[in-house]
Amino acid sequence: MTKLRCANLADELSIIDVESTFTRGLPGFSIVGLASTSIKESTERIKATLISKNFSFPAQKITINLSPSGIPKSGSHFDLAIALLIILQKEELEDFFVFGELGLDGLVKSTAELFSLLLFLSTKLKKARILIPKALANKASMIPGIEFFAVENLDEAVEFFSKKNYEKFKISGIHPLFENPLIINDEIFVQNTNFEYDFKDVKGQERAKQACIISALGMHNILFEGCAGSGKSMCAKRLVYIMPPQSLDEILKASAYQSLNSKDSEFSSLRSFRNPHHTSTKASIFGGGTKTAKIGEVALANGGVLFFDEFPHFSKTIIESLREPLEDNQILVSRVNSKILYDTKFIFVAAQNPCPCGNLFSTKLTCRCNEIEIKRYKQKISQPILDRIDLYVAMQESKRDDKSSISSKEAYEKVLKAFIFQKKRGQKEFNAKLKDEDISKICILSPKAKELLDSALTKFQLSQRAINKTLKVARSCADLACSELIEKEHILDALSFRIRQ
């Protein structure tokens, strides 16, 4: 028995061993292991290609097994691996992943989903040797950490394995994004140098800018509340530009998720920003579909920002469904034929008016809403959702003499300095995403800070979740000050951003 390796992308990425056996008996060619129709059709295609290219087709019973056999498999990218096992049945093959669809003329072709599959494979394997179609070579070579080899046709693929002249077919290249990476504790990070949306455009609103810097560093969720035109959306759209640099794994996962949403995806130093409209369906935001589990906005925002403008205008079902992805940082999309788990580590940013007409905070305009209307409007956001908001900012009404105070580049440099300080401490997760058991190890209080927190616990009747949230925000404030201990002023800053009901 000989074998090569391949992969399948359905509910999740699965590594598949393609095995072959040749036994005496009536000549036949069968593929087993829960192969879909698209794979079983390849038997005739492969047979016709081998005969037309003057390769001998064994007069034996050929059985191809796709292992593990309990996973449903689909796609024509198994063609090349199967054909090579038949041609090279007596050869000893080295451990390679092989992908490619065969044409009747012997050409090795790419498929629509192959780049997505390679991206997901790169997030799962740190080292691998992969043979791919030459048509995909330039794009695939940009995926770091993987050895790629490319062939144009079946003859070259046979030469590759029979003569073992691997260097002849090796492709190499480096994406411009990875040419000058930032190295922290031997880990590769890619910095964003694009500041298309600049905080210089935001006049005044110093408290909102401070909240954005804290949020960017620790991935804390924010709620902006204020009159129309106060700058809520402006701050939200600029937040992604000052977030810490992405790790190699984050870039690969972001591209892999994006490839599920569109046919093409590119590596980007800028974290994802998703801004669904309040009329969006639940399936488009959380993922879904009739038979297969499609990716939604909450997963596409992983590693970046998910922005809900006009927050109370989203349906109650959508708002309440945010609880799990905000709390667990994962979402399981289940359908009849598939179940898939996506990561949802993002900054959730919500913006809302203080009342239905939007003038409640205004000193210039008169609010037209009565008390009942305001109460009904506020009640659209439940307490469990508000408990998952780390930072609350009441936006000030814009004034004629408001000035710019900080640019996105300056804010980013503050965040980067604190991020490096955080990483040198050995911390792996963002502060807001710390697990409960890690809080006591990382969020260490000075005596005065502990005394203040105990006092606040009694005065504000804080729940355990509120205490943990306060500690995480205070940790981000301490990191921005490059302080190992959380001091009294950091607790005060964290408490000042609490939502007061």
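Residues are listed down the side, and each one gets a yes or a no for (1) open to solvent by 20 Å² or more (accessible area, probe 1.4 Å); (2) at pLDDT below 90; (3) of a type in the set (Gly, Ala, Ser); (4) out of contact with any helix residue (DSSP H, G or I) (no Cβ under 7 Å at 6 or more places or on another chain):
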{"position": "Ala10", "(1), (2), (3), (4)": "yes, yes, yes, yes"}
{"position": "Ile16", "(1), (2), (3), (4)": "no, no, no, yes"}
{"position": "Ser20", "(1), (2), (3), (4)": "no, no, yes, no"}
{"position": "Gly25", "(1), (2), (3), (4)": "yes, yes, yes, yes"}
{"position": "Gly33", "(1), (2), (3), (4)": "no, no, yes, yes"}
{"position": "Ser38", "(1), (2), (3), (4)": "yes, yes, yes, no"}
{"position": "Ser42", "(1), (2), (3), (4)": "no, no, yes, no"}
{"position": "Ala48", "(1), (2), (3), (4)": "yes, no, yes, yes"}
{"position": "Ile51", "(1), (2), (3), (4)": "yes, no, no, yes"}
Can you work out which of the residues in segment 355-387 that are part of a loop (DSSP other than H, G, I, E, B) and over 30 Å from Arg400 (Cα atoms) is farthest from the chain's Cα centre (by Cα)?
-> Gln379
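Confirm whether Lys339 is in contact (Cβ under 8 Å) with a residue 24 or more places away in the chain, open to solvent by 60 Å² or more (accessible area, probe 1.4 Å) and either in contact with a Gly (Cβ under 6 Å, 6 or more places away or on another chain) or under 30 Å from Gln191 (Cβ atoms) (or both). Before you say what the answer is, go through the steps one by one.
Working: in contact (Cβ under 8 Å) with a residue 24 or more places away in the chain: yes; open to solvent by 60 Å² or more (accessible area, probe 1.4 Å): yes; either in contact with a Gly (Cβ under 6 Å, 6 or more places away or on another chain) or under 30 Å from Gln191 (Cβ atoms) (or both): no.
It is false that Lys339 is in contact (Cβ under 8 Å) with a residue 24 or more places away in the chain, open to solvent by 60 Å² or more (accessible area, probe 1.4 Å) and either in contact with a Gly (Cβ under 6 Å, 6 or more places away or on another chain) or under 30 Å from Gln191 (Cβ atoms) (or both).
Somewhere in segment 63-75, is a residue open to solvent by less than 10 Å² (accessible area, probe 1.4 Å) and either over 39 Å from the mean Cα position of the chain (by Cα) or within 15 Å of Ile132 (Cα to Cα) (or both)? I'd like the intermediate steps shown before the answer.
Kept after step one, since they are open to solvent by less than 10 Å² (accessible area, probe 1.4 Å), are these residues of segment 63-75: 64, 66, 73.
Add one more test, that the residue is either over 39 Å from the mean Cα position of the chain (by Cα) or within 15 Å of Ile132 (Cα to Cα) (or both), and what stays is none.
Checking segment 63-75: not a single residue is open to solvent by less than 10 Å² (accessible area, probe 1.4 Å) and either over 39 Å from the mean Cα position of the chain (by Cα) or within 15 Å of Ile132 (Cα to Cα) (or both).
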Yes/no for Ile82 being β-branched (Val, Ile, Thr), at pLDDT 95 or above and either surrounded by fewer than 18 Cβ atoms within 10 Å (Cβ to Cβ) or part of a helix (DSSP H, G or I) (or both) = yes
Within segment 411-438, which residues are without any contact (Cβ under 8 Å) to a residue 12 or more places away in the chain and within 26 Å of Ala466 (Cβ to Cβ)?
-> Lys428, Glu429, Lys435, Glu437, Asp438
Name the residues in segment 23-49 that are basic (Lys, Arg) and either in contact (Cβ under 8 Å) with a residue 60 or more places away in the chain or closer than 16 Å to Thr63 by Cβ (or both), would you?
-> Arg24, Lys40, Lys47
Mind checking whether some residue in segment 319-329 is in contact with a strand residue (DSSP E or B) (Cβ under 7 Å, 6 or more places away or on another chain), surrounded by 15 or more Cβ atoms within 10 Å (Cβ to Cβ) and free of Cβ contacts under 8 Å to residues at least 40 places away in the same chain?
-> yes
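Might you check whether a residue that is part of a loop (DSSP other than H, G, I, E, B) and open to solvent by 60 Å² or more (accessible area, probe 1.4 Å) occurs anywhere in segment 220-227? If you could, list the steps in order and put the result at the bottom.
Of all residues in segment 220-227, those part of a loop (DSSP other than H, G, I, E, B) come to 220-221, 226-227.
Going one step further and asking which of them are open to solvent by 60 Å² or more (accessible area, probe 1.4 Å), we end up with none.
Taking every residue of segment 220-227 in turn, none turns out to be part of a loop (DSSP other than H, G, I, E, B) and open to solvent by 60 Å² or more (accessible area, probe 1.4 Å).
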Among the residues of segment 421-437, which ones are surrounded by fewer than 16 Cβ atoms within 10 Å (Cβ to Cβ) and over 23 Å from the mean Cα position of the chain (by Cα)?
-> Lys424, Arg425, Glu437
Within segment 484-498, which residues are crowded, with 16+ Cβ neighbours inside 10 Å and part of a loop (DSSP other than H, G, I, E, B)?
-> Glu487, Phe497, Arg498
Are any residues in segment 261-296 in a helix (DSSP H, G or I), surrounded by fewer than 21 Cβ atoms within 10 Å (Cβ to Cβ) and at pLDDT 85 or above, and if so, which ones?
-> Lys282, Ala283, Ser284
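Given the options Ala216, Ala211, name the one that is modelled with pLDDT of 90 or more and touching a strand residue (DSSP E or B) at 6+ places or on another chain (Cβ under 6 Å).
Numbers: Ala216 fails: touching a strand residue (DSSP E or B) at 6+ places or on another chain (Cβ under 6 Å).
Answer to the check: Ala211.
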Pro312: open to solvent by less than 20 Å² (accessible area, probe 1.4 Å), outside any loop (DSSP other than H, G, I, E, B) and under 22 Å from Lys469 (Cα atoms), yes or no?
-> no
Just wondering, is there one or more residues in segment 379-400 that are open to solvent by less than 40 Å² (accessible area, probe 1.4 Å), charged (D, E, K, R) and at pLDDT 90 or above?
-> yes
Looking only at segment 228-260, which residues are over 13 Å from the mean Cα position of the chain (by Cα), hydrophobic (A, V, I, L, M, F, W, C) and either within 18 Å of Ile183 (Cα to Cα) or not in a loop (DSSP other than H, G, I, E, B) (or both)?
-> Met234, Cys235, Ala236, Leu239, Val240, Ile242, Met243
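The values are calculated or read from the model by the stated rules, or taken from the named source; none is laboratory data. As the structure is a computational prediction, the values presented were derived from the model and not from experiment. Here Cβ is always computed from backbone atoms with ideal geometry, including for glycine, and neighbour counts include all displayed protein chains. All accessible areas refer to the heavy atoms of the entire protein, side chains included, with ligands and DNA or RNA removed. Shrake-Rupley method; radii C 1.70, N 1.55, O 1.52, S 1.80 Å.
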